[in-house]
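**Q** Shown below is the structure under consideration.
The values are calculated or read from the model by the stated rules, or taken from the named source; none is laboratory data. Every value quoted in this text rests on a predicted model; they were computed, and no experiment measured them. Here the Cβ positions follow ideal geometry from the backbone for every residue, glycine too, while neighbour counts run over all protein chains shown. Heads up: the accessible areas ignore ligands, DNA and RNA and are worked out on the full protein's heavy atoms, side chains in. Shrake-Rupley method; radii C 1.70, N 1.55, O 1.52, S 1.80 Å.
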Amino acid sequence: MSSVPDGKKLLRSPSGLRMVPENGAFNSPFALDEPQWVPDKECPRCMQCDTKFDFIRRKHHCRRCGRCFCDKCCSKKVALPRMCFVDPVRQCAECSLVSQKEMEFFDKQLKVLLGGGTFIVTLGTTEKTEAMTCRLSNNHRYLFLDGESHFEVELSRMSSMQILTDGTSPGGGTARASGMLLHYKPMGSQDAQQLRLEAADDKKVASLWLAAMHKAAKLLYESRDQ
C-alpha cells in the first residue's frame, strides 16, 4: 500500500489495484464495496455453464459479483470505476454488461454534473426564489448551489428525487426534463427539507444536467441497497 497526492492511496486487493480515498468516510456515494468471493471449495463447477473444474479448467472470480466461473464464462476485462479499480478487471458476462452501461455515466454524464446548470431554486415551501448554478462537487459527495447565497446538499442525505417535465415534445417524443424536486435531511436534522429546481434560461443545458442527475440517483440508490 502506498500513498499518493490528493488524499488517495493505492491499495492492492485480491481483485486488483484500487485507487481509494485515504479516509474511507470520503468515498464517492456512487462507490460499491468489493464483493466477498465465493470460497473455492464451494464451487467445484462453473456457476454459469456447470463445467467441472480441474487442473486444465481453472476457476475465476468475477470482480463485481464474486461468483466463480470458468475462463470462457468470465473472460472479459471491463473498467469498474464504482470499485475504484485502476485497470479493467475480469467480470462475468452479466456483470460486464452492467459495468459497460455504467461507463456512459462516468465518461459523459458525470462531466455534465460537474459542469453544472443554472436553475431557479426554491428552498422549502417559501415563495422566495433565486437563480443559482447547481453542480456536483469534485468528490461527488455534494450538490453545490451558488447564487447570491450558497448552500450544499450532501448526496448521502437525499431521501427522494423527482424529475419534473415540461410535457410532450413536438412530434410525440419523450418529455424533456425541466426541473427537479428533491427531499433531503440537512446535516444535524432528521426533518426532511424540500428543494425545487426549475430550468432557467439555457433549458437545453439544464435538461442534460437533470437527465444526468436522474442516472446519478439510480446509481446512488443501488449503492445504498448493496
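**Q** Just give me the residues in region 196-221 being closer than 30 Å to ASP33 by Cα and touching a residue at least 24 places away in the same chain (Cβ under 8 Å), in sequence order.
**A** Hits for region 196-221 are LEU208, TRP209, LEU210, ALA211, ALA212, MET213, HIS214, LYS215, ALA216, ALA217, LEU219, LEU220.
**Q** Show me the strands (runs of 3 or more DSSP E) found entirely inside region 102-157 where at least 2 residues are touching a Gly at 6+ places or on another chain (Cβ under 9 Å).
**A** Where strands (runs of 3 or more DSSP E) fall fully within region 102-157 and carry at least 2 residues being touching a Gly at 6+ places or on another chain (Cβ under 9 Å), they are 117-123, 129-136, 142-146.
**Q** Quick one: which residue in PRO29, PRO5 is loosely packed, with under 13 Cβ neighbours inside 10 Å and modelled with pLDDT under 95?
**A** Answer to the selection: PRO5.
**Q** For the structure I just gave you, tell me whether LYS128 is more than 19 Å from GLY179 (Cβ to Cβ) and open to solvent by 30 Å² or more (accessible area, probe 1.4 Å).
**A** Criteria not met by LYS128.
**Q** Here's another thing I want to ask about it. Which residues, taken from region 197-221, are among the charged types (D, E, K, R), assigned to a helix (DSSP H, G or I) and either in contact with a Cys (Cβ under 9 Å, 6 or more places away or on another chain) or open to solvent by less than 90 Å² (accessible area, probe 1.4 Å) (or both)?
**A** If the condition is that a residue be among the charged types (D, E, K, R), assigned to a helix (DSSP H, G or I) and either in contact with a Cys (Cβ under 9 Å, 6 or more places away or on another chain) or open to solvent by less than 90 Å² (accessible area, probe 1.4 Å) (or both), then LYS215 is the only one that fits.
**Q** Okay, next question. Just give me the residues in region 53-100 being farther than 30 Å from PRO21 by Cβ and either of a type in the set (Phe, Trp, Tyr) or touching a Leu at 6+ places or on another chain (Cβ under 7 Å) (or both), in sequence order.
**A** PHE53, PHE55, PHE69
**Q** Do the conditions hold for ASP87, that is, is it in contact with a Gly (Cβ under 9 Å, 6 or more places away or on another chain) and either more than 28 Å from GLY188 (Cα to Cα) or among the aromatic types (Phe, Trp, Tyr) (or both)?
**A** It is true that ASP87 is in contact with a Gly (Cβ under 9 Å, 6 or more places away or on another chain) and either more than 28 Å from GLY188 (Cα to Cα) or among the aromatic types (Phe, Trp, Tyr) (or both).
**Q** Assuming TRP37 fulfils every condition listed in (1) loosely packed, with under 12 Cβ neighbours inside 10 Å; (2) more than 22 Å from LEU110 (Cα to Cα) apart from one, which condition is it?
**A** (1)
**Q** Just checking, how many residues over region 113-125 are at pLDDT 90 or above and within 19 Å of LEU182 (Cα to Cα)?
**A** The number of residues fulfilling the criteria is 9.
**Q** Oh, and also: Mind checking which pairs have a first residue in region 73-89 that is more than 21 Å from GLU222 (Cβ to Cβ) and a second that is open to solvent by 70 Å² or more (accessible area, probe 1.4 Å) and of a type in the set (Val, Ile, Thr), Cβ under 8 Å, 6 or more apart or different chains?
**A** Taking only residues 6 or more apart or on different chains, not a single pair turns up.
**Q** Additional query: Here are the criteria: (1) open to solvent by 40 Å² or more (accessible area, probe 1.4 Å); (2) touching a Cys at 6+ places or on another chain (Cβ under 8 Å). Tell me which single one VAL20 does not satisfy.
**A** Here VAL20 clears every test but (1).
**Q** Mind checking whether some residue in region 169-187 is aliphatic (A, V, I, L, M), more than 30 Å from GLY7 (Cα to Cα), in a helix (DSSP H, G or I) and touching a helix residue (DSSP H, G or I) at 6+ places or on another chain (Cβ under 7 Å)?
**A** no
**Q** Here's another thing I want to ask about it. Hey, can you tell me all the residues within region 45-95 that are open to solvent by 10 Å² or more (accessible area, probe 1.4 Å), in a helix (DSSP H, G or I) and closer than 14 Å to PRO35 by Cβ?
**A** Scanning region 45-95 gives GLU94, CYS95.
**Q** For region 157-166, does any single residue satisfy the condition of being loosely packed, with under 14 Cβ neighbours inside 10 Å, hydroxyl-bearing (Ser, Thr, Tyr), modelled with pLDDT of 85 or more and under 21 Å from SER223 (Cα atoms)?
**A** Within region 157-166 (the criterion being loosely packed, with under 14 Cβ neighbours inside 10 Å, hydroxyl-bearing (Ser, Thr, Tyr), modelled with pLDDT of 85 or more and under 21 Å from SER223 (Cα atoms)), the answer is yes, since at least one residue qualifies.
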